[in-house]
Amino acid sequence: MAFASFDLISFGSIEVPPHPLRFGFQVDIVPLESPPHVMFGLVSRYRQRDGRSVSCGFAVRLDLETGEVWDILNDTGLMGSIPTHQEFFSSFSDEEPLLLSWEVEHLGAALIPKLHIGSEQWLYPAIGYRDHLTRMETLAGAAGDRGSTVSTFLHPAVWRETLL
């Protein structure tokens, strides 16, 4: 339900083993050529014993008109705003797009994420690692016209590295 207003696309998934690991997902956008609301995240979906489908992980909505960054998966609301967002967003182009990135560290029983939007960084609520989090899907979406998502997100990448 959190993603209902977005035309979603997945750029693959990542296996999250039970040992320490750093992994991430990143995409580029050109803010002045994008729909006013975009979302991106790393999400695990599973069924509970009662048959209900549940999503957990990390996902935000970026409002390109106001610069606000909203948590859309864990109900923490407004995470922050990009200062002087109009000037910030106008500095990106096809040749130098804006990087949106999740970097997650799996340490012990926790998945600890960092959100990067260009040079801005936020800590996002950590979640406990559980058996149903062994695979996380990459999701990106644009609000508005169906089909706009494919042209909005550029250079997707999924990565992981083992921590020693």
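What to note about this one:
- A full extension of the chain between Glu15 and Arg45 corresponds to an added length of 9.5 nm, given 0.36 nm per residue minus the alpha carbon distance.
- Added length on full extension, which subtracts the Cα-Cα distance from 0.36 nm per residue, Arg22 to His116: 32.4 nm
- Mean residue ellipticity (222 nm) of the chain, computed from DSSP H runs ≥ 4 via -39,500 (n - 2.57), nearest 500: -1500 deg cm²/dmol
- Checking every one of the GluC sites (Glu not before Pro) in the stretch 14-76 against DSSP loop status and a limit of 13 other Cβ atoms within 10 Å picks out Glu65.
- Within-10-Å neighbourhood charge of Ser101 [Cβ basis; K, R +1; D, E -1]: -1
- Computed FRET value (nearest 0.05) for Ser91 with Val54, which takes r as the C-beta separation and R₀ as 25 Å: 0.05
- In terms of surrounding Cβ atoms within a 10 Å radius of their Cβ, Thr66, Thr162, Thr138 rank from fewest to most as Thr162, Thr66, Thr138.
- Given their separation in residues at 0.36 nm each and the Cα-Cα distance between them, Asp131 and Leu154 gain 5.1 nm when the chain is fully extended.
- Among the listed options (1) 17.9; (2) 9.7; (3) 11.1, the one matching mean projected area of the Cα convex hull in nm² as calculated from these coordinates is (2).
Laboratory data are not the source of any read-out in this text; all were calculated from the coordinates shown. Here the structure is a predicted model, which is why all the values come from computation and not from measurement. Using ideal geometry, Cβ is built from the backbone for each residue, glycine included, and neighbour counts are taken over all protein chains shown.
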